[in-house]
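The structure under discussion appears below in the form of structure tokens.
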Amino acid sequence: MANYNLNIQKGQAAPAKSSVFNTIKRLLTLMGEERKNLFVALIFIFINSGLNLLAPYLLGQAVDKYVVTHQYQGVIQYSLILLGIFVAALFSGYTQSQMMGRVGQRMLFNLRNTVFSKLQDLPIDFFNQNKAGDLISRINNDTDKINQFFSQSLVQFMSSIFGMIGAAVFLLSINLKLGLATLAPALLIWVFTKGFSPLVKKLNTANMKSTGGLSAEIQESLNNFKVIVAFNRRDYFRRKFDEANTANYRSAIRAGIANNIFMPVYSLVANIGQLVVLGFGIYLIAAGEFSIGLLISFIAYVTQFYNPLRQIAALWANFQVALAGWDRISQILVLENNLQQQAATQTEKKSALISFIDVTFAYVPGKNILNKVSFDLERGKTYAFVGPTGGGKTTTASLIARLYDPTSGTVLLNGADIRTISDSQRTAKIGFILQEPVLFTGNLRDNILYGNQCFSNLNDEELMRELNEVGLDGLIERFENGFDTPINASGDNISLGQRQIIAFIRAVIRRPDLLILDEATANIDTVTEQLLDDILRKLPRSTTRIIIAHRLNTIENADEIFFVNSGTVTRAGSLSDAVSLLLNDKRES
Amino acid sequence: MNKKEDSLPSDKRPKKPNIFSVLSPYKPMIFLLILFALLSNGVNLIIPQIISHAIDDFSLGEFSYRKLIIEFLAASIVIFLFTILQSIIQTYTSEKVARDLRTQLSAKISRQSFSFIQQANPNKLLTNLTSDIDSIKMFVSMGVVSLASSVFVVIAASILLITIDWKLALTILTIIPIISGAFAIVFRKLQPLFKRSREVIDRLNKVINESILGAALIRVLNAHTMEYNKFLDVNTEARNLGISILRFFATLIPIVVFVGNMASLIILALGGHYVIQGRMSLGDFAAFSSYLTLLIFPIMVIGFISNFIAQASVAYGRISEVMNAPETADTGTIDNELKGNMEFKNVNVQFGNKPVLKNISLQIQAHTLTAIIGPTAAGKTQLLYLLTGLLKPTTGDIFFDDTELSLFNKERFQHQIGFVFQDSVIFNLSLRENIAFNETVTDELMNKAIETAELQDFIGSLPDGLETIVSERGNSLSGGQKQRIMLARALALNPKILLLDDFTARVDNQTEKKILENIRQNYPDLTLLSVTQKIASVQHYNQIVVMEEGEILAVGTHEYLLENSTEYVQIFNSQRSTNEIETTED
């Protein structure tokens, strides 16, 4: 079995290794068409920061040229120019935030879709190994962290960087010496940031992991609430929750403090920068190389340089959070379905619908559920699989439906290796009614037609006619409001027996070549069961049925009975043969 | 839930939740937080002062490097220390608020009834406990300090501006009411959008959750596209909402910047005029400019903060709904040991308008065996739910040993009833914790339960034995094994009453027989109530109850029912052929 557990991955170090740039590159590929929009938005950010930089420069010029020399005419002139710039900045600012925000939202949209569709691609094993709450947290929370960075911080980040670069250029061009002296402290920041960021990211990753754990805990407890109530273990829920909550609290504090450390450091350096300008500037003025007017505008530029730097301090933490979120999402995105369709090899000369050839299967290495099992199932016959609980019946059925691939050996469908058949072809042929009926929130009609493209466009009457053809129409009447009966996924408004009836209708109306019923009628009363039995018998002659059951009356009409236990599948001669096997068998498993 | 709130008398209705009220238990921390923020910001205001003095001193020829460096560095280091302290307290406060809110909310949820959880919808509760509380945390960590210090800076900068030149200052300060007005208008419009965007998250949770729980079916039916489309719909809505919210901000922020810029224009035109007239010094002019920057920035910050406040208010409103939901207090005091007599008197249960149980009256004697049989949706499970208090009768009463159910002390009461649910509920814990799902369970009781449920061989075959971690969706357990673990969990309580809901459905005949025999031997005093489909295994029971569509059709022994109940005979006939086989094989 492949390792799909997101929280225990061997390759844990792998995503951490990837550099910031690689991450950004991969994020950019995810954006697809958004790149063009992002580019346009960047132009506006550029224009906007240019305008915002130009303004104080002109302001300084106005002061130096006209205020100091007492020429009010020029002040008015400059004021009008500035007004024009501010109006332009208003529009570029609007366009910039609008575009970037949209890019962010669409990016979040794409990202969530990508993760969700990846989830749909992965095999059932992935879901056995991961908790629903943790996955929800990844799709909702972690993607949102990336979104927060993109839609809220990236604009500021970009305009801050543009602003900083612009201010730096101005500073250097006004006075190279003073400019260099001003920028020098920024080096400290660079060193500090580079050294400290990995730790920040690590702490944030840990925090998100504990958030996922918290979410998983809530999910499990809420879904199992009836047991908690019936066994009066409300304290259990509280305790488990408190543990997860406390763990989350601790990791959040660590991450929070780390995220908040950038700001004071950046501010300190910014202040030192201002001091340098002032001191050095005054020195230069004394030496006759600089003017007071220039120094005032220079100081304004220094704020223009160090204010964005302060902002970047806050944004940088957001960036680290986004990177951590991305890592958690990539853990899902890098997983590959190990049940890919394989290239067709030559078909075996087998007339059987299903053949197992030396099939061995283990969920956990070394603990074989099936051991070199071989058997054939012929078209149009009814087979019963019986055996003690935990004997391997469901596993056998799951291999036929290719929910898993055998550890070794081959399963053939129509003589071809089942791994070479496409998902859509296979699922059209095989109907599998699972042991635990699955419902989706909606109404009865939605649930019956779940995953059924052929009939989804039929109106209620046409659908009734279809149901009538296979004798399923009578079952609909058992539901209060027919097709419109509301259904809830948690299913407590509807009995388990009724849920099984829905699952039965859903599978049978598709008229598959092979219908597997895995204890599909276990909770249905025997009278209704006879009805379902009649329906099964009236299915087209070519339909093959596999019935897994404990109740013997459900299997008495089987053409052949297989006894599944301790890794073997043996053919029982007759019903009484099977019964004696069941009664006398020594349970090895 | 709205219904419930409406039914409250109006004076008792909780007042509209105010987000700032979450802060009240943390007053000392908030005080310290604001203090440090104000201190660092206050010291921050000195810096332009130092700069302006240095320039003025220089013009006057009184400049001293020593003085400048000492003043400047001292101020910077003090700011640094205060901001560090502030950020540490800020992190602690916000995380504490979040943790405590989660604890309160989960404690509240844990005291609620099962039906409350179903109604409140677990997906929404998940958002409440995660995203909603996160927004409140965000508000505390980003909002409180920034709000306090921004207001402070705005006021301080305004005062400084006024002291320099009150006419110019007042002209510039007109931007404050303009900007606040813009904020007020925009946020009133945003509030409902925020609310809807929260609800969309609930729905995203739901789709993801259902796609995970239904993973096997989706793969069997190759319905990936369908799930994807479902997700796409909700996600599209989330995106569109996000874009609508964004449009407001994209408009608001540039306007605020523009208004701020206009203020600097006023300084140039008007202040320049004053300087030219000689009414203002150049140093003052420079200071005026830097104070304006000081003024504009916090105003924009308040803008961003109000975003957090608005989101947190919506989130807090959603949480308050759960927090203020009425609780069904456990008023029962009787903690007598149960004998096992149970009685339903004219019990009716309705889900909405749909009657689920109709006028049920039934007596069950202590130490007897009772079976309930009938078609699907007959109300059998609901009958068991009533006996455990998972469900409350709409009308009618339930008695245990002639005492009304609600009079019992819940904890004591529930320890005496073992309930084996129809569907398996396995916690992601070790087998030991799953079976001894109650701290009062001793090893002895647990082992007895394990043997009775015929689990000893299975557990013995596991390398980690009882310490093996199992999970609901894990593939380590078969349906029958899960069912037997559930039985062991119920028996480990050493209950007086055992309720089995279709226990036999997933356990093979052979094992079932052994288990029932074990129960008889190991728990001889037990009163057993078993919902089942199989007549063969309950033929010898003291009474069998035939139910259909929420009604009791007949009650009696097997023989009596064969004579008197056509429905029973029909069920019996449907099982006869196999009965014969089984009896012959026996």
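Note down the magnitude of the dipole of chain A about its Cα centre, charges +1 on Lys and Arg C-beta and -1 on Asp and Glu C-beta and zero elsewhere, to the nearest 20 debye. The partial results should precede the final answer.
Working: 55 positive and 48 negative charges, 417 e Å.
The calculated dipole for chain A is roughly 2000 debye.
Other chains near B:381-394: what is the mean number of their Cβ atoms within 10 Å of each residue's Cβ?
Numbers: counts 5, 1, 0, 1, 4, 0, 1, 5, 3, 6, 2, 0, 0, 0.
Taking the mean over all residues of the peptide, I get 2.
Counting residues in chain B as N, plug N into 2.2 N^0.38 Å and put the Cα Rg over that result.
Values: Rg = 35.4 Å, N = 586, 2.2 N^0.38 = 24.8 Å.
Rg over 2.2 N^0.38 Å, computed on Cα atoms: 1.43.
To make sure I understand, if each residue's beta carbon is the centre and we count other beta carbons within 10 Å, what order do B:MET323, A:MET208, B:MET226 fall in, fewest to most?
Numbers: B:MET323 16, A:MET208 24, B:MET226 20.
With the fewest neighbours first, B:MET323, A:MET208, B:MET226 line up as B:MET323, B:MET226, A:MET208.
Averaging the inverse of every distinct alpha carbon separation and then flipping it gives the Kirkwood radius. What is it for region A:220-307, in angstrom units? If you can, show how the numbers build up before the last one.
On the way: mean 1/r = 0.0557 Å⁻¹.
Taking the inverse mean of 1/r over all distinct Cα pairs, region A:220-307 comes out at 18.0 Å.
With θ set to phi - 60° and the Karplus curve 6.51 cos²θ - 1.76 cosθ + 1.60, what are the ³J(HN,Hα) couplings of region A:218-229 in order, to the nearest whole Hz, using x for Gly and Pro?
For region A:218-229, the Karplus curve yields 4, 4, 5, 5, 5, 6, 9, 4, 5, 5, 4, 6 Hz.
Which whole-Hz ³J(HN,Hα) couplings does region B:19-27 yield from phi under the Karplus relation 6.51 cos²θ - 1.76 cosθ + 1.60, θ = phi - 60°, glycine and proline marked x?
So the Karplus estimates, Gly and Pro as x, are 4, 5, 5, 5, 7, 4, x, 10, 3 Hz.
Along the charge dipole of the protein assembly as shown, Cβ charges K/R +1 and D/E -1, which of B:ALA269, A:GLY195, A:THR23 sits furthest on the positive end?
B:ALA269
Looking at region A:354-584, send over the antiparallel percent of its DSSP beta bridges, to the nearest 5.
So the antiparallel bridges in region A:354-584 amount to around 55 percent.
Decide, for region A:10-333, between rounded, prolate and oblate: order the square roots of the alpha carbon gyration tensor eigenvalues as a ≥ b ≥ c, take rounded if a/c falls under 1.5, and otherwise choose prolate if a/b is larger than b/c, else oblate. List each step's numbers first, then the result.
Values: a/c = 2.90, a/b = 2.21, b/c = 1.31.
Since a/c reaches 1.5 and a/b is larger than b/c, the shape of region A:10-333 is classed as prolate.
Can you give me the relative contact order of chain A as a percent, contacts being Cα pairs under 8 Å and 6 or more apart? Show your work: numbers first, answer last.
Numbers: 808 pairs, mean separation 85.7, N = 589.
RCO, chain A: 15 percent.
Within a 10 angstrom radius of the beta carbon, how do B:LEU407, A:LEU315 rank from fewest other beta carbons to most? Don't jump to the answer; show the numbers that get you there.
Working: B:LEU407 14, A:LEU315 23.
Least to most surrounded, the residues fall as B:LEU407, A:LEU315.
Which percent, to the nearest 5, of DSSP beta bridges fully inside the protein assembly as shown are antiparallel?
Details: 41 of 76 bridges.
Around 55 percent of the beta bridges assigned by DSSP in the protein assembly as shown are antiparallel ones.
At a Cα cut-off below 17 Å, give the aspartates and glutamates reachable from B:LYS345, other chains included and same-chain residues fewer than 8 away excluded.
Qualifying aspartates and glutamates at Cα under 17 Å: B:ASP397, B:ASP401, B:ASP402, B:GLU404, B:GLU551.
Would you mind ranking A:TYR363, A:TYR404 by Cβ crowding within 10 Å, fewest neighbours first?
Working: A:TYR363 16, A:TYR404 19.
Fewest-to-most Cβ neighbours within 10 Å comes out as A:TYR363, A:TYR404.
What are the semi-axes of the equivalent ellipsoid of the protein assembly as shown, taken as the square roots of 5 times the eigenvalues of the Cα gyration tensor, listed largest first and rounded to whole Å?
On the way: eigenvalues 987, 204, 128 Å².
Equivalent ellipsoid semi-axes, largest first: 70, 32, 25 Å.
With 5 Å bins from zero, work out the P(r) of region A:354-584 over every alpha carbon pair and list the percent per bin.
1, 6, 14, 18, 19, 16, 12, 8, 4, 1, 0
Per the Debye formula with a single identical scatterer at each Cα and no solvent contribution, what log10 I(q)/I(0) holds for region B:423-494 at q = 0.11 Å⁻¹?
With one equal scatterer per Cα and no solvent, log10 I(q)/I(0) is -0.21.
Per-residue HN-Hα couplings for region B:480-494, Karplus 6.51 cos²θ - 1.76 cosθ + 1.60 at θ = phi - 60°, whole Hz, x for Gly and Pro?
x, 5, 4, 4, 6, 5, 4, 5, 4, 4, 5, 6, 4, 6, 6
In debye, nearest 20, what is the charge dipole magnitude of the protein assembly as shown about its Cα centre with +1 on Lys and Arg Cβ and -1 on Asp and Glu Cβ, if you could check? Spell out each step's value before the answer.
Working: 106 positive and 105 negative charges, 878 e Å.
Dipole size: approximately 4220 debye.
Under unit Cβ charges (Lys, Arg +1; Asp, Glu -1), what dipole magnitude, rounded to 20 debye, does region B:423-494 have relative to its Cα centre? Present the calculation step by step, with values, prior to reporting the outcome.
Details: 6 positive and 11 negative charges, 44 e Å.
Using only the charged Cβ atoms, the result is roughly 220 debye.
Using the alpha-carbon centroid of each, what span in Å lies between region A:295-365 and region A:414-444?
28
Please report the antiparallel percentage of DSSP beta bridges with both residues in chain B, rounded to the nearest 5.
Working: 20 of 38 bridges.
Within chain B, antiparallel bridges account for around 55 percent of the total.
Per residue, what volume in Å³ does the convex hull of the Cα atoms of region B:202-335 enclose? Provide the component values of the computation, followed by the final result.
On the way: hull volume 30.3 nm³, N = 134.
With only Cα atoms used, region B:202-335 gives 226 Å³ per residue.
Mind pulling up the Rg/Rh value for chain A? Radius of gyration and Kirkwood radius, both on Cα. The partial results should precede the final answer.
On the way: Rg = 34.3 Å, Rh = 29.6 Å.
Looking at chain A, the ratio lands at 1.16.
Using amide H atoms built in the peptide plane, which far-off residues or other-chain residues are under 5 Å from B:SER113 H to H?
B:THR328
Under a straight-distance cross-link criterion of Cα-Cα below 13 Å, which aspartates and glutamates are reachable from B:LYS514, leaving out those fewer than 8 residues away in the same chain?
Hits, sequence-local ones excluded: B:GLU451, B:GLU454.
Throughout, read-outs are computed from the coordinates displayed, never taken from laboratory work. Every value quoted in this text rests on a predicted model; they were computed, and no experiment measured them. Cβ coordinates were reconstructed from backbone atoms using ideal geometry, including for glycine residues, and neighbour counts include every protein chain displayed.
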